[in-house]
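This report concerns only the one structure given below.
What follows is calculated from the coordinates using simple rules that are stated; it is not laboratory data. Just so it is clear, the model here is predicted, and its values are computed rather than measured. Using ideal geometry, Cβ is built from the backbone for each residue, glycine included, and neighbour counts are taken over all protein chains shown.
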Amino acid sequence: MAIYKVTLVFSSQGYGWTEGYFIQSSATQPSVVFAQNAQQLVALRLAMLGQGAFLNYVRVSTVLTPFFVSTNEIQNAEGLYNVSAAFPNTALLIRFSGLQAGPQKNLFLRGVPYTIIGPDGQFKSNATWLRAYNAWKGYISGPNNSLWGWYGVQNNVKSNLTTYVQDPDSFLVSVTVRDPIFTAPIGTKQNVRFTGVNGKSELNGTWPVTVVSTTTVKTVKPFGVVPYVHGGYATVFAHTFTFNASTQEQRIMTRKAGRQLFLEHGRQAARIRV
C-alpha cells in the first residue's frame with residue numbers, strides 16, 4: 001500500500017491557499033488516485049465552497065517517492081454553495097482524530113460561506129451547509145474509514161554521531177552515526193536534527209539530507225564546518241499514517257492566506273525542496 005498526498009489548490013479575491021489530504025491506496029499511479037478518489041473529494045469540497053472562491057488545481061504526489069506526481073487543472077470550478085465565500089483570511093478549524101488516543105491533525109477550511117459566521121465571529125452552522133459538510137466529512141473520515149488520514153510525526157529515534165566528512169569540492173557533509181536509524185529508501189530526502197556536534201557547530205540544527213545508507217546521510221546544502229572532533233546526536237523524525245476516525249469542527253478563526261498558486265507571476269523565497 002502506497003501513501004499519496006492530495007493537495008487542493010484554491011483562489012479567491014486575489015489570494016490563494018492549499019488543503020492537504022493523505023490517502024493510503026493500493027493504486028500504483030498518482031493519476032489513478034486522482035481518477036478514483038480525488039475527483040470525488042473535489043466534488044464534495046466544491047459543494048460547501050462559497051461563490052467567488054475557486055478550486056484551480058489538484059496535485060497528487062507519492063510519499064517517499066520523489067517526482068512521482070500528477071498535477072491536474074480543474075476548469076471553472078467555482079464554489080457551488082449558493083452564497084458568497086467569506087474573506088480568504090477566515091477559516092473554519094477542523095480537527096481529525098485517530099481510533100486510538102494520540103496526536104491529532106488540524107485542517108483549516110477557507111472559502112466557507114459567510115452565512116456560517118455569526119455576528120461575533122463564532123461558527124454558526126445551518127441545515128443546508130451542514131448537509132454538504134457531513135457528506136464531505138463522511139467520505140474522508142469515520143470509524144470504518146480505510147483510505148483517508150494524515151501522515152505525520154509520531155515519535156523520533158536518536159543515535160550518536162561517529163564522524164562526518166566534508167566533500168572538498170561541493171562542501172556537502174556526509175554524516176555517519178552509530179545505529180541504523182535512517183530507514184527511508186536510499187536516495188530519498190528527509191529532515192534530520194543534529195545537536196551537540198563539536199559542542200558548537202554550523203551543522204547543529206534541523207536540515208534536509210539525502211539517505212546514503214542506514215547509518216550515513218549527506219546534507220543537501222553546503223556547510224562550512226571544521227573537522228569533526230567529538231560529540232553530537234542525530235535525531236530522525238518517525239512518520240506514520242493515521243486513519244481519520246473522527247472529524248470535529250472547532251471554531252472560526254483568522255488564518256492568513258497567501259498568493260494565488262500557479263495563477264500569477266511571483267517570486268517564492270529560495271528554500272530547499274525536500
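The charge dipole of the chain, taken about its Cα centre with unit charges on the Cβ atoms of Lys, Arg (+1), Asp and Glu (-1) only, comes to about 360 debye. Computed from the C-beta positions of Leu64 and Ser174, the FRET efficiency with R₀ = 22 Å rounds to 0.55. Computed over the chain, the Cα gyration tensor eigenvalues convert (square root of 5λ each) into semi-axes of 40, 20, 18 Å, ordered from largest to smallest.
Mind checking the alpha-carbon convex hull of the stretch 155-238 and giving the volume per residue in Å³? Cα-based convex hull of the stretch 155-238, divided per residue, equals 76 Å³. So what's the angle, to the nearest 10 degrees on a 0 to 90 scale, between helix 127-140 and the longest Cα principal axis of the chain? That works out to roughly 30 degrees.
Only one residue of Val60, Thr28, Pro88 has its Cα farthest out toward the positive end of the dipole of the chain, where Lys and Arg carry +1 and Asp and Glu -1 on Cβ, and that residue is Pro88.
Extension gain for Gln248-Val229 works out to 1.7 nm (0.36 nm per residue, less the C-alpha to C-alpha distance). In this Cβ point-charge picture (+1 for Lys and Arg, -1 for Asp and Glu), the stretch 155-238 has a dipole of about 200 debye about its Cα centre.
In terms of the mean number of neighbouring beta-carbon atoms within 10 Å, the peptides 47-57, 132-142 order highest first as 47-57, 132-142. Scanning the chain for GluC sites (Glu not before Pro) lying in DSSP loops with no more than 14 further Cβ atoms inside 10 Å, the longest uninterrupted stretch between such sites is 1-201.
Computed extension gain for Val153 through Asn126, at 0.36 nm per residue and net of the alpha carbon distance, reaches 6.2 nm. In this structure, the residue pairs whose Cα-Cα separation is over 26 Å, taken from Lys5/Lys105; Lys105/Lys221; Lys158/Lys189; Lys218/Lys256, are Lys105/Lys221; Lys218/Lys256.
Helical content alone sets the calculated 222 nm signal of the chain at -3000 deg cm²/dmol, taking -39,500 (n - 2.57) per DSSP H segment of four or more residues and averaging over every residue.
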